[in-house]
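Report on the structure given below.
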Amino acid sequence: MVMRINSTPLRMVLAVVCFGMALLSVSGLLSSSVGTLGIDVLQERNERYLEDTFEKALVGFGVMSGLKAGLAVVEGSTGGVSAGVSLNLQIGDVVQSAYDYVDIAWRTLMLGCISLLSIQYMLDAVSLLDAFILALFFGVLGVSFLWKKRPRLLRDSLLLSFFGVLVVYLLLPLSIFSASLLSERITQPSIDAAQQGFEETGAQLFPEDDELPEGVMARIKQIPERLEQITTYLKLRSSQMALWTIQLIAGYLFDCIFFPLGSFLILLWGTRMLMRYCFQCSLHAALHRELKELKSSQE
């Protein structure tokens, strides 16, 4: 991980420099300097993407909550239909089917909001720890310079701390950035279309009336009078509501789990392969150098 330096004064100077870098990292000065290399821009873009996506999901959750409440009242109002038992059952089946779709979509949006907010919290926690992880790396690096032949525990600690720096400053931001690019090109159009479809359905079933000051409750009280119209509309929209629900489930499943986690695992695998290759090259070079020194001493 660190090239061998046989000069003791030089090793002492490098150790002091590393300890100074560790102090700068703890104070936050070094982390801010690292951020100017482009990491801050990447983090700001990730934060903006997560905030915008969360706001969209939250708005959709509010729409689905109103639609779910309205359909629950519609389902309860089927008992007042006086056109016969068969018609009552038919209306109840149609409304129940639509309510199930809306309920699943409502739960999906709620979980999507929770997942997106959790990712934001994770990034906030990482931003608080990144300076200490960088300081730990420089501290271990400084200690390693004090040893002419570093023990295995120290080499492993240095490798682990360096890997932690890579995860915090590169892998996590890049995984969220990759997930945002994939989301914009693959899932967001379907999610936006599904949420727009549910929003239009809510507006058609429970239209706003400016003359009613009571708002939502006043519209819900009109449901028994519009029961047949609502049922007819739900029959026409049943297959579309099923499609919208599937689009929401698949979209948020990929946006919140598969895209971020998959991108992180791919970057993690690539980084491990690169570090393993570099470590093996360093090990082979060290072995070759030791064999050469041993041969020279025997001669």
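The values are calculated or read from the model by the stated rules, or taken from the named source; none is laboratory data. Keep in mind it's a predicted model, so treat the numbers as computed, not measured. Using ideal geometry, Cβ is built from the backbone for each residue, glycine included, and neighbour counts are taken over all protein chains shown. Accessible surface areas use protein heavy atoms only, side chains included; no ligands, DNA or RNA. Shrake-Rupley method; radii C 1.70, N 1.55, O 1.52, S 1.80 Å.
Heavy-atom accessible area, probed at 1.4 angstrom with all protein chains present, ranks Lys56, Lys68, Lys148 as Lys148, Lys56, Lys68, highest first. Each label was represented as a point 7 Å from its Cα along the Cα-to-Cβ direction; for Met273 and Arg155 these points are 2.4 nm apart. Return, ordered by residue number, the residues of the stretch 156-170 whose backbone nitrogen is under 15 Å from a label point located 7 Å along Cα→Cβ of Val126. Backbone N within reach: 163-170.
Computed from the C-beta positions of Ile186 and Leu146, the FRET efficiency with R₀ = 45 Å rounds to 0.30. Working from label points 7 Å from Cα in the Cα-to-Cβ sense, the Gln204 to Leu58 distance is 3.0 nm. Give me the net charge for the shell around Leu58: Cβ to Cβ below 13 angstrom, other residues only, Lys and Arg +1, Asp and Glu -1. That works out to -2. For the stretch 21-27, putting each phi into the Karplus relation 6.51 cos²θ - 1.76 cosθ + 1.60 with θ = phi - 60° gives couplings of 5, 5, 5, 5, 5, 5, 6 Hz, in residue order, rounded to whole numbers and with x for Gly and Pro.
The stretch between Leu10 and Val73, if pulled fully straight at 0.36 nm per residue, gains 14.7 nm over its current Cα-Cα span. Here Glu47 and Ile266 are evaluated by their C-beta separation; at R0 = 25 Å the FRET efficiency comes out at 0.65.
Seen from Met275, the other residues with C-beta closer than 13 Å to its C-beta sum to a net charge of +2, counting Lys and Arg as +1 and Asp and Glu as -1.
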